[in-house]
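Structure first, then comments.
The values are calculated or read from the model by the stated rules, or taken from the named source; none is laboratory data. Note that the coordinates shown come from a computational prediction; the quantities given were computed from them, not determined experimentally. We place every Cβ from the backbone using ideal geometry, glycine too, and count neighbours over all the protein chains shown. Calculation scope for accessible area: heavy atoms of the full protein, side chains included, ligands and nucleic acids excluded. Shrake-Rupley method; radii C 1.70, N 1.55, O 1.52, S 1.80 Å.
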Amino acid sequence: MRRLRILLALFLLPALTQWPPRQVYASDATIKPEELLTRHLDSIASSETRGSAKTRIVQGTAVYRILVGGGGRSEGTTGFVSEGHKLRWMVKLPLIDYRGENIVFDGNAVGVSFANSNQSRSPFASFIATQDVIVREGLLGGTLSTAWPLLEGSERKAKLIVEGLKKVDGRQLYQVRYEPSRRTDAHIMLYFEPETFRHVKTVYVTSIGNNVGSDITKSSKLQPERTTLEERFSDFKTADGLTLPGHWNVQFTRELPDGTTSVSEWDLKEDQITNNMGLDPRNFAVK
């Protein structure tokens, strides 16, 4: 009888320790990168459907706001076209001082247009021009782009490091560090819903130190300049068998050494997404 009790205890112990039943999508903070990648791709579409989408045109409305460090609001239009690794993102605004953004990648070179009335780039555009790995890697625009690097699995030779479930924007998301094969100063984090494995956010952060040899810097104890670019994706909809975000929010924050902060936002609603339409090569011309 004693042996029977021992055997029953050994038999029941694993069952008790595994209750409630284990669910990878909801509770496993140590999910492997390969499994997360597979589930993420399945959240977009089947392998066949994903592979059949060669080009994409995204059109919609844009609202530009200065949230911190000033004020202002302007409504305009947005367009995002992509073919393979090539892409162009445009925001057009009816302003004199700031006309919007125009960022293009032809598969080799990145072009970032002047958008200010004095023929200069916006701080956001200057950041993209400096950290062009964001565009070269196909990260900009997330799954809205055919250039999204996770579509190619290991072919990009980037490293995905799953850092577990983290509370972000008030909810639990998988945090994944993205390390491109090409060295970059930016720290890149991707975030995925644990229930659906949809990509819902990307954060890029850079920090630039001060000139420590400057007496002014030493006396005033200025902090490093910190720049944060955040992309948020929501309102997912299915068209042509592909589940893609209908809402794309871009927020750009600069924390300057003197303590001042500026925050700008581009809020984009995607009204129309079209796949496999022929694109004029001039869409990707870098000037």
Residues of the range 142-166 being in contact with a strand residue (DSSP E or B) (Cβ under 8 Å, 6 or more places away or on another chain) and either among the basic types (Lys, Arg) or loosely packed, with under 14 Cβ neighbours inside 10 Å (or both), which ones? Lys159, Ile161, Glu163, Gly164, Lys166
Can you tell me which condition Ser120 does not meet? The list is (1) at pLDDT below 95; (2) outside any loop (DSSP other than H, G, I, E, B), and all the others hold. (2)
For the range 46-67, give me each residue that is closer than 19 Å to Glu230 by Cβ and open to solvent by 60 Å² or more (accessible area, probe 1.4 Å). Arg65, Leu67
Are any residues in the range 241-272 under 21 Å from Ala45 (Cβ atoms), surrounded by fewer than 15 Cβ atoms within 10 Å (Cβ to Cβ) and charged (D, E, K, R), and if so, which ones? Asp271
Can you find a residue that is out of contact with any Cys (no Cβ under 8 Å at 6 or more places or on another chain), modelled with pLDDT of 95 or more and under 21 Å from Arg136 (Cα atoms) anywhere in the range 233-240? yes
When the residues of the range 86-129 are filtered to those that are free of Cβ contacts under 8 Å to residues at least 24 places away in the same chain and closer than 26 Å to Arg177 by Cβ, which remaining residue is surrounded by the most Cβ atoms within 10 Å (Cβ to Cβ)? Val112
Of all residues in the range 166-212, which are of a type in the set (Val, Ile, Thr), more than 22 Å from Ile134 (Cα to Cα) and at pLDDT below 95? Val212
Pairs, first open to solvent by 40 Å² or more (accessible area, probe 1.4 Å) in the range 224-235, second in a strand (DSSP E or B) and small (Gly, Ala, Ser), C-beta under 8 Å, six or more apart: Pro224/Ser207; Glu225/Ser207; Arg226/Ser207; Ser234/Gly246; Asp235/Gly246
Checked pairs for the range 272-286, first closer than 18 Å to Thr143 by Cβ, second open to solvent by 80 Å² or more (accessible area, probe 1.4 Å) and assigned to a loop (DSSP other than H, G, I, E, B), C-beta under 6 Å and 6 or more apart or across chains, list as Asn275/Asp240; Asn276/Lys54
Could you run through the range 242-287 and say how many residues are in contact with a strand residue (DSSP E or B) (Cβ under 9 Å, 6 or more places away or on another chain) and part of a loop (DSSP other than H, G, I, E, B)? 10
Open to solvent by 10 Å² or more (accessible area, probe 1.4 Å) and either in contact (Cβ under 8 Å) with a residue 12 or more places away in the chain or under 18 Å from the mean Cα position of the chain (by Cα) (or both): does that describe Arg136? yes
